[in-house]
Amino acid sequence: MKRWHRPRGTADILPPESRRWQKIEALIRSVARRYGYEEIRTPTFEYTELFHRGVGDTTDIVQKETYTFEDRGGRSLTLRPEGTAAVMRAYLENGLQARPQPVKLYYIMSIFRYEKPEAGRLRQHHQFGVELLGSPHPLWDAEVIALGYRAVRESGLRRLELRLNSIGCPVCRPRYREALLEYYRPLKEKLCRDCQVRLERNPLRLLDCKEDRQYAEEAPRSVDYLCDDCRRHHEAVKGALWDLGIPFREDFTLVRGLDYYTRTVFEFVHEELGEKAALFGGGRYDGLAEALGGPPVPGIGFGLGLERWLAALEAEGVRGDEEEGPDLFVAAPGTEGEHLLPLLEGLRDRGFWVETDYGGRSLKSLMKLADRKRARWVAMVGAEELERGRFLLRNLATGEQTEHPLEDFESIVTAALGGGVRR
Ligand code: HAM
């Protein structure tokens with residue numbers, strides 16, 4: 001016997017689980033709209049260089065986690081390991097600078113990272129992302145955080161914590177980098193192997209290491225090295241969060257795993273997901289456009305993993321996949337059902353969810369099917385009813401059943417189901 005497996009670290013999303021996805025996606029679109037964000041869709045793969053330049057050569061994501069392949073034309077392509085670099089590429093390539101700034105975009109996209117499959121880590125996951133491009137103003141940082149916070153709060157999540165930090169800009173970061181090097185160099189032998197390599201190449205990343213946590217706690221703090229502009233920016237973001245009543249904790253070891261960040265960085269963590277798996281994270285990336293060879297375009301955004309969001313909801317007891325069923329199930333025992341199609345289409349024109357089964361099953365098995373599908377009403381238009389030019393309508397909640405002339409089928413059913421266009 002042949003057995004098929006999905007690739008490691010991927011998942012099938014089946015009903016009724018897919019209902020939870022749809023619900024959350026509807027919430028995303030509703031929240032994004034309220035803040036004036038429009039959807040962007042970019043290709044699933046990009047030229048590999050985009051991520052090397054955008055996300056950074058020394059990051060784990062680029063060094064260890066990309067799915068990279070050569071196409072038949074010999075070009076190196078990479079399945080997107082994140083969304084921000086691709087969105088910035090699209091902004092630059094399509095001349096979105098010409099539109100009123102800032103440009104506010106959101107996406108729901110699949111993301112590919114070759115990670116060790118463990119709790120909360122998939123090789124294909126899905127992100128709701130938001131990118132605001134074209135303004136350096138700190139109040140946008142606060143508004144972007146508020147958008148993400150609203151989305152997760154409206155979904156029902158409560159046990160969240162926002163962590164905030166500022167990692168400065170090219171003006172003040174070199175000084176901070178030096179301070180870090182000075183602190184970490186004497187500790188080199190005690191650091192994990194990855195961190196020994198990171199030390200010279202990208203010392204900020206040392207703060208991120210889960211193994212060498214005890215050293216990070218004592219390390220110099222980026223907020224103590226900020227230039228005046230960065231400090232003002234950071235104070236403005238914090239002040240706005242206070243005004244909005246969004247609680248946060250300053251986390252001086254928060255640096256995030258992508259190289260494009262400047263100034264504001266933040267993560268929302270959830271009790272149940274643990275320290276290693278943030279619910280969502282983001283920050284400002286004022287140097288990204290230039291790193292990609294474009295003009296300066298400041299930006300701020302976040303990425304929120306839908307799988308983690310749904311897992312956190314489940315942990316808080318919010319399932320959101322309550323079964324719904326069709327408005328009407330039409331049963332036609334003793335016939336193939338050829339007379340049903342026009343009846344069903346008429347009701348679907350009016351917006352009802354209507355189902356049936358063709359092929360002459362018995363009344364008993366049709367009623368069982370209607371029940372399993374959780375239909376609200378059943379209409380019986382079987383061989384017997386056809387002969388008499390009548391049909392029966394049964395309310396499954398009350399058991400009440402009435403009989404009517406078949407020629408009035410559509411108007412009577414519509415009235416019983418509660419008027420036209422439901423959705
Ligand atoms: P990130 O922190 O790498 O940021 O990913 C964002 C979110 O995606 C994480 O907080 C998590 O919810 C989810 N996620 C990441 N990796 C996995 C995985 N292997 N399995 C399941 N979920 C995962 C970014 O990607 C940035 N592009 C976010 C951003 C947008 N920054 C500015 N704009």
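If LEU122 meets every condition in (1) within 13 Å of the ligand (Cβ to nearest atom); (2) out of contact with any Gly (no Cβ under 6 Å at 6 or more places or on another chain); (3) not acidic (Asp, Glu) apart from one, which number is that one? Of everything listed in (1) within 13 Å of the ligand (Cβ to nearest atom); (2) out of contact with any Gly (no Cβ under 6 Å at 6 or more places or on another chain); (3) not acidic (Asp, Glu), LEU122 misses just condition (2).
Scanning region 283-302 for residues that are under 17 Å from GLY56 (Cα atoms), out of contact with any helix residue (DSSP H, G or I) (no Cβ under 7 Å at 6 or more places or on another chain) and in contact (Cβ under 8 Å) with a residue 24 or more places away in the chain gives GLY283, ASP286, GLY287, GLY293. Here region 192-203 is the region considered, the condition is being buried (at least 19 other Cβ atoms within 10 Å of the Cβ) and not charged (D, E, K, R), and the residue that is farthest from ALA240 (Cα to Cα) is CYS195. Within region 133-145, the set of residues being more than 12 Å from PHE280 (Cβ to Cβ) and either near the ligand (Cβ under 9 Å from one of its atoms) or touching a Gly at 6+ places or on another chain (Cβ under 6 Å) (or both) comprises LEU133 only. When GLY73 is tested against (1) more than 24 Å from ASN202 (Cβ to Cβ); (2) out of contact with any Asp or Glu (no Cβ under 9 Å at 6 or more places or on another chain); (3) outside any loop (DSSP other than H, G, I, E, B), just one condition goes unmet, and that condition is (3). Per the listing ARG376, ARG361, ARG350, the residue uniquely open to solvent by 50 Å² or more (accessible area, probe 1.4 Å), in contact (Cβ under 8 Å) with a residue 60 or more places away in the chain and on the phi < 0 side of the Ramachandran plot is ARG350.
Quick check on GLN101: is it in a loop (DSSP other than H, G, I, E, B), modelled with pLDDT of 95 or more and of a type in the set (S, T, N, Q)? In short, yes.
Quick check: is even one residue across region 293-301 at pLDDT below 95 and farther than 30 Å from VAL378 by Cβ? Scanning region 293-301, I find no residue that is at pLDDT below 95 and farther than 30 Å from VAL378 by Cβ, so the answer is no. For region 206-252, the set of residues classified as under 25 Å from PRO138 (Cβ atoms) and modelled with pLDDT under 95 consists of LEU207, ASP208, listed by residue number.
Return the residue satisfying two criteria in turn: it lies in region 50-78 and is of a type in the set (D, E, K, R) and over 27 Å from LYS104 (Cβ atoms), and of such residues it is most open to solvent (accessible area, probe 1.4 Å). Per the stated criteria, the residue is ARG72.
Screening GLY36 against (1) open to solvent by 30 Å² or more (accessible area, probe 1.4 Å); (2) more than 16 Å from ALA85 (Cα to Cα); (3) not in a loop (DSSP other than H, G, I, E, B) leaves a single unmet condition, (3). No other residue among ARG163, ARG177, ARG150 is open to solvent by 60 Å² or more (accessible area, probe 1.4 Å) and touching a residue at least 60 places away in the same chain (Cβ under 8 Å) apart from ARG150. Within region 224-246, the presence of a residue that is among the acidic types (Asp, Glu), in a loop (DSSP other than H, G, I, E, B) and either loosely packed, with under 14 Cβ neighbours inside 10 Å or assigned by TED's automatic domain parsing to the domain that holds HIS52 (or both) is excluded. Meeting the requirement of 1 or more residues that are aliphatic (A, V, I, L, M) and more than 35 Å from the chain's Cα centre (by Cα), the strands (runs of 3 or more DSSP E) wholly within region 345-423 are 377-380, 390-395. In region 94-104, of all residues being of a type in the set (A, V, I, L, M, F, W, C) and open to solvent by less than 30 Å² (accessible area, probe 1.4 Å), the one that is nearest to the ligand (Cβ to nearest atom) corresponds to VAL103. Among the residues of region 183-210, which ones are touching a residue at least 12 places away in the same chain (Cβ under 8 Å), out of contact with any Pro (no Cβ under 7 Å at 6 or more places or on another chain) and more than 20 Å from LEU258 (Cβ to Cβ)? If the condition is that a residue be touching a residue at least 12 places away in the same chain (Cβ under 8 Å), out of contact with any Pro (no Cβ under 7 Å at 6 or more places or on another chain) and more than 20 Å from LEU258 (Cβ to Cβ), then ARG185, LEU187, LYS190, LEU191, CYS192 are the ones that fit.
The requirement of being within 19 Å of ALA151 (Cα to Cα), open to solvent by 50 Å² or more (accessible area, probe 1.4 Å) and assigned to a helix (DSSP H, G or I) is fulfilled somewhere in region 1-19, by at least one residue.
Table: residues versus (1) on the phi < 0 side of the Ramachandran plot; (2) assigned to a loop (DSSP other than H, G, I, E, B); (3) away from the ligand (no atom under 16 Å from the Cβ); (4) among the hydroxyl-bearing types (Ser, Thr, Tyr).
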site	(1), (2), (3), (4)
TRP21	yes, no, no, no
GLU46	yes, no, no, no
VAL62	yes, no, no, no
ALA85	yes, no, no, no
LEU92	yes, no, no, no
TYR106	yes, no, no, yes
GLU115	yes, yes, no, no
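The values are calculated or read from the model by the stated rules, or taken from the named source; none is laboratory data. Quantities reported herein were computed from a predicted structural model and do not represent experimental measurements. Every residue, glycine among them, receives a Cβ derived from its backbone with ideal geometry; neighbour counts consider all protein chains shown. Just so you know, the surface numbers come from the protein's heavy atoms only, side chains and all, with ligands and any DNA or RNA stripped out. Shrake-Rupley method; radii C 1.70, N 1.55, O 1.52, S 1.80 Å.
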